[in-house]
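**Student:** Submitted below is the structure of interest, expressed as structure tokens.
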Amino acid sequence: MKLYYIPTTRAVRPRWLLEELGITYELVNVDMKMTQEPEYQELHPHRKVPVLVDSEVTIFESTAICTYLADKYLEKGLAPAPSQQARAYYYQWLFYASVTLEPPVEHFMFAVLPNLPEKILPAQLRSCMTTTESLQWFNRVAEPLRNVLLNNDYLVENQFTAADIVVGGVLLWALKLQMLNSDDILYKYVNNLMQRPAYLLADEGFYTKITL
Ligand SMILES: N[C@@H](CCC(=O)N[C@@H](CS)C(=O)NCC(=O)O)C(=O)O
């Protein structure tokens with residue numbers, strides 16, 4: 001199994017999941033030169049990371065990769081079984097992370113780092129929202145997350161699952177971008193996730209090393 005990877009990106013999420021599973025995998029460190037090679041477009045149509053190659057299966061989209069792996073190794077307990085009611089909430093948080101929670105964080109980042117290359121920040125998205133506007137948007141959509149974490153350490157039946165990795169992956173960015181106050185329950189949640197040995201192996205200290 002091969003994971004195409006760049007540190008601090010969304011590719012950390014499937015790498016963290018692979019470390020939680022404790023299975024052997026090959027990490028392929030991708031750089032801009034490699035993504036420009038014609039063969040790379042066969043792996044990812046937008047020349048991005050992550051990509052997972054598992055024998056005959058080649059998939060992109062970090063959430064899809066995490067979901068696929070958690071199901072493939074269901075016995076490791078990172079996903080509720082499809083027959084369980086908890087599966088509904090598991091889906092909810094997985095989709096929520098990428099569809100609802102991530103966009104305001106990405107817009108905040110675009111406002112903080114306006115000079116990103118066109119491939120990463122297309123011209124029509126530049127300066128379309130201030131940090132204040134995207135922070136207000138983030139805080140609005142984060143409300144259901146804060147509510148569940150009032151009485152739980154993890155999102156689905158208080159058990160650690162791939163949904164915590166995907167939501168936690170978005171919150172890592174929010175943390176790094178200083179969108180979370182230290183008294184915010186999300187700050188505590190993401191800091192707890194960052195103590196996990198599998199996370200530490202996957203991140204290799206990058207989040208603690210980089211400053212914006
Ligand atoms: N929705 C996709 C987004 C993929 C994506 O935008 N990847 C970024 C890193 S977070 C990337 O590869 N950027 C480098 C580039 O565009 O050259 C996912 O979750 O996998």
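The values are calculated or read from the model by the stated rules, or taken from the named source; none is laboratory data. Given the structure is predicted, the values throughout are model-derived calculations rather than measurements. Don't worry about glycine lacking a Cβ; one is built from the backbone with ideal geometry, like all the others, and counts go over all protein chains shown. The accessibility values were calculated without ligands, DNA or RNA, using every heavy atom of the protein model including side chains. Shrake-Rupley method; radii C 1.70, N 1.55, O 1.52, S 1.80 Å.
**Student:** Tally up the residues in the stretch 1-51 that are more than 18 Å from Cys66 (Cα to Cα) and either surrounded by 22 or more Cβ atoms within 10 Å (Cβ to Cβ) or more than 13 Å from the ligand (Cβ to nearest atom) (or both), please.
**Tutor:** From the stretch 1-51, those more than 18 Å from Cys66 (Cα to Cα) are 29-42, 45-47; that's our starting set.
Imposing the further condition that a residue be either surrounded by 22 or more Cβ atoms within 10 Å (Cβ to Cβ) or more than 13 Å from the ligand (Cβ to nearest atom) (or both) reduces the set to 30, 38-39, 42.
Looking only at that region, the number is 4.
**Student:** Restricting to the stretch 108-132, and then to whatever is polar (S, T, N, Q) and in a helix (DSSP H, G or I), can you tell me which residue is nearest to the ligand (Cβ to nearest atom)?
**Tutor:** Within the stretch 108-132, the subset polar (S, T, N, Q) is 115, 124, 127, 130-132.
Cutting the leftovers down to in a helix (DSSP H, G or I) gives us 124, 131-132.
Working: Gln124: 16, Thr131: 19, Thr132: 24 Å.
Applying the filter and picking the extreme gives Gln124.
**Student:** Within the stretch 172-189, can one find any residue that is out of contact with any Lys or Arg (no Cβ under 9 Å at 6 or more places or on another chain), under 24 Å from Cys66 (Cα atoms) and not in a helix (DSSP H, G or I)?
**Tutor:** Scanning the stretch 172-189 turns up at least one residue that is out of contact with any Lys or Arg (no Cβ under 9 Å at 6 or more places or on another chain), under 24 Å from Cys66 (Cα atoms) and not in a helix (DSSP H, G or I).
**Student:** Now a separate question. Using the structure shown, decide if Ala86 is surrounded by 13 or more Cβ atoms within 10 Å (Cβ to Cβ) and either small (Gly, Ala, Ser) or within 16 Å of the ligand (Cβ to nearest atom) (or both). Quick ask: steps written out before the conclusion?
**Tutor:** On the way: surrounded by 13 or more Cβ atoms within 10 Å (Cβ to Cβ): yes; either small (Gly, Ala, Ser) or within 16 Å of the ligand (Cβ to nearest atom) (or both): yes.
Answer is yes for this residue.
**Student:** Looking for whichever is under 23 Å from His46 (Cβ atoms) and in the same structural domain as Val166 (by TED's automatic domain parsing) here; the options are Ala111, Ala64. Which one fits? Reasoning before the result, please.
**Tutor:** Working: Ala64 fails: in the same structural domain as Val166 (by TED's automatic domain parsing).
Unique residue meeting the criteria: Ala111.
**Student:** When Leu135 is evaluated against the numbered criteria (1) more than 21 Å from Glu20 (Cβ to Cβ); (2) in contact (Cβ under 8 Å) with a residue 40 or more places away in the chain; (3) within 16 Å of the ligand (Cβ to nearest atom), which criterion, by number, is the only one it fails?
**Tutor:** (3)
**Student:** Restrict the check to the stretch 52-66 and report whether at least one residue is open to solvent by 70 Å² or more (accessible area, probe 1.4 Å), on the phi < 0 side of the Ramachandran plot and of a type in the set (S, T, N, Q).
**Tutor:** Checked against the condition, which is being open to solvent by 70 Å² or more (accessible area, probe 1.4 Å), on the phi < 0 side of the Ramachandran plot and of a type in the set (S, T, N, Q), the stretch 52-66 yields no hits at all.
**Student:** Note down all Cβ pairs under 8 Å where the first residue falls in the stretch 27-49 and is at negative phi and at pLDDT 95 or above, the second is β-branched (Val, Ile, Thr) and more than 8 Å from the ligand (Cβ to nearest atom), and they're at least six residues apart or on different chains.
**Tutor:** Leu43/Val51; Leu43/Val53; Leu43/Thr58; His44/Val51
**Student:** Within the stretch 156-174, which residues are surrounded by 18 or more Cβ atoms within 10 Å (Cβ to Cβ) and either of a type in the set (D, E, K, R) or over 15 Å from Leu17 (Cβ atoms) (or both)?
**Tutor:** Asp164, Leu171, Trp173, Ala174
**Student:** Does the stretch 49-107 hold any residues that are among the aliphatic types (A, V, I, L, M) and assigned to a loop (DSSP other than H, G, I, E, B), and which are they?
**Tutor:** Of all residues in the stretch 49-107, those among the aliphatic types (A, V, I, L, M) come to 49, 51-53, 57, 59, 64-65, 69-70, 74, 78-79, 81, 86, 88, 94, 97, 99, 101, 105.
Across the stretch 49-107, the qualifying residues are Val49, Leu78, Ala79, Ala81.
**Student:** Another question about this same structure. Is it the case, given these coordinates, that Ile65 is more than 9 Å from the ligand (Cβ to nearest atom), under 17 Å from the mean Cα position of the chain (by Cα) and under 23 Å from Tyr90 (Cα atoms)? Spell out the reasoning first.
**Tutor:** Values: more than 9 Å from the ligand (Cβ to nearest atom): no; under 17 Å from the mean Cα position of the chain (by Cα): yes; under 23 Å from Tyr90 (Cα atoms): yes.
No: the conditions fail for Ile65.
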